[in-house]
Amino acid sequence: MTNTDKEKSSALRVLEAVDIQGKPDMKGHLYFFIAQGYKGETPVDQRKARLELEHFASILRIAFQKHYPDHFNEFFNRLLSIAQSTFDTGRFRQDALDELSQFRDEVVQAAGSAIKARYTRQLVLWVIIASVTILAASTTLHLVDKYFVMNSIDYNSVVEAEKRSLNKDQGYFSILHTGFLLSAAMWGLLFAWMGRNIEPTFKTLQTPNADLIQPWVRLLFYGIAILVLALLFQKRLVSISFGMAVSTSNISEDPATAVMIGLLLGIAERALPNEVERWSRKILHSEQVPKV
């Protein structure tokens with residue numbers, strides 16, 4: 001056999017790594033082995049083809065095997081067919097790999113819609129849990145606060161404290177309205193996510209997308225930023241006005257304003273961390289009230 005013939009001969013055969021004698025079953029893995037009668041080293045182009053096929057299989061496992069088994073089985077069977085067309089004919093057919101280019105596009109399209117649909121379902125569930133929990137907690141704390149105020153022994157000191165809290169220049173903090181704002185912000189976050197386009201590539205399917213952090217982590221992270229802003233707004237350290245009638249200064253007095261501001265803050269999620277940092281720097285480095 002000449003060197004040319006040896007290079008064209010298929011050095012490998014391929015099966016799914018299931019029911020291989022002496023080997024544990026690994027569903028969704030390609031199992032390559034030396035072709036019967038082949039001697040010598042595996043040619044470079046065939047080693048590269050094997051690595052390309054194995055990498056493709058690993059992407060399919062990451063993107064589909066756990067959550068979308070039907071998609072995975074369909075795609076893996078197609079990949080196995082391509083691999084066997086490349087190696088199992090007795091001759092190495094590199095042209096069979098040309099189909100992988102179109103196959104990648106199909107996988108990305110399927111993965112993009114499937115991943116976003118699954119993530120959206122999870123996010124909806126966590127938004128419901130978060131908003132109900134926030135409303136329940138803020139309502140309970142509000143009622144507890146009212147109970148202690150009404151049953152306070154030192155009535156005069158309570159009255160004085162309420163007068164100070166109602167000072168319009170100083171601002172005051174409403175636990176209940178803060179709950180309205182945070183709960184509404186959770187739905188604003190959901191709205192912002194659903195309006196976002198996810199455009200994965202075949203390469204990025206192997207690692208979590210920056211937009212696909214765990215839903216509860218997303219809500220917690222942005223919830224903290226929104227809570228900081230709610231405190232700044234209610235204490236009049238930062239003030240934003242919308243038209244002639246609506247201002248963040250009214251959050252503690254008007255529940256509708258609290259809900260509206262919460263929705264807007266949720267929708268503007270990506271700008272929140274930078275805005276919190278910017279306003280915090282202004283407050284810490286200046287004695288004047290920042291005006292926005």
**OP:** Check whether at least one residue in segment 17-25 is under 29 Å from Ile115 (Cβ atoms), crowded, with 18+ Cβ neighbours inside 10 Å and β-branched (Val, Ile, Thr), and report yes or no.
**Re:** no
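Could you say whether any residue in segment 119-129 is among the hydroxyl-bearing types (Ser, Thr, Tyr) and either in a helix (DSSP H, G or I) or touching a helix residue (DSSP H, G or I) at 6+ places or on another chain (Cβ under 6 Å) (or both)? Write out each step before concluding.
Let us first name the residues in segment 119-129 that are among the hydroxyl-bearing types (Ser, Thr, Tyr), namely 119-120.
Restricting the remaining residues to those that are either in a helix (DSSP H, G or I) or touching a helix residue (DSSP H, G or I) at 6+ places or on another chain (Cβ under 6 Å) (or both) gives 119-120.
Yes, that holds for at least one residue.
For Ala49, state whether it is within 26 Å of Val108 (Cβ to Cβ), free of Cβ contacts under 8 Å to residues at least 60 places away in the same chain and touching a His at 6+ places or on another chain (Cβ under 7 Å). Step through it out loud before you land on a result.
On the way: within 26 Å of Val108 (Cβ to Cβ): yes; free of Cβ contacts under 8 Å to residues at least 60 places away in the same chain: yes; touching a His at 6+ places or on another chain (Cβ under 7 Å): no.
In short, no.
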Original post:
Which one of the conditions (1) modelled with pLDDT under 90; (2) assigned to a helix (DSSP H, G or I); (3) touching a Gly at 6+ places or on another chain (Cβ under 8 Å) does Pro200 fail to meet, given that it meets all the rest?
Top reply: (2)
Subject >> Per-region count, segment 117-135, residues hydrophobic (A, V, I, L, M, F, W, C) and surrounded by fewer than 14 Cβ atoms within 10 Å (Cβ to Cβ) >> reply: 4
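Can you spot a residue in segment 254-271 that is more than 31 Å from the chain's Cα centre (by Cα) and modelled with pLDDT under 85? Talk me through it step by step, then tell me what you get.
Here is the first cut: in segment 254-271, the ones more than 31 Å from the chain's Cα centre (by Cα) are 254.
Still in the running and modelled with pLDDT under 85: 254.
So far as segment 254-271 goes, yes, one or more of its residues are more than 31 Å from the chain's Cα centre (by Cα) and modelled with pLDDT under 85.
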Subject >> Every residue from segment 159-192 that is out of contact with any Ser or Thr (no Cβ under 7 Å at 6 or more places or on another chain), modelled with pLDDT of 85 or more and hydrophobic (A, V, I, L, M, F, W, C) >> reply: Phe180, Leu181, Leu182, Ala184, Ala185, Leu189, Leu190, Phe191, Ala192
Subject >> Search result, residues across segment 84-106 that are in contact with a strand residue (DSSP E or B) (Cβ under 9 Å, 6 or more places away or on another chain) and part of a helix (DSSP H, G or I) >> reply: Gln84, Thr86, Phe87
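For segment 103-140, name all the residues that are within 30 Å of Arg78 (Cβ to Cβ) and in contact with a Lys or Arg (Cβ under 8 Å, 6 or more places away or on another chain).
Let us first name the residues in segment 103-140 that are within 30 Å of Arg78 (Cβ to Cβ), namely 103-122.
Within segment 103-140, just Phe103 meets the criteria.
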Original post:
Within segment 113-123, is even one residue on the phi < 0 side of the Ramachandran plot, basic (Lys, Arg) and without any contact (Cβ under 8 Å) to a residue 40 or more places away in the chain?
Top reply: yes
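Could you check segment 203-218 and list, in sequence order, the residues that are of a type outside the set (S, T, N, Q) and modelled with pLDDT of 75 or more? Spell out the reasoning first.
As a first pass, look at segment 203-218 and keep what is of a type outside the set (S, T, N, Q): 203, 205, 208, 210-213, 215-218.
Correct list: Ile213, Pro215, Trp216, Val217, Arg218.
The values are calculated or read from the model by the stated rules, or taken from the named source; none is laboratory data. From a predicted model like this one, the values you see are computed outputs, not experimental measurements. Note that each Cβ is placed from the backbone with ideal geometry, even for glycine, and that neighbours are counted across all protein chains shown.
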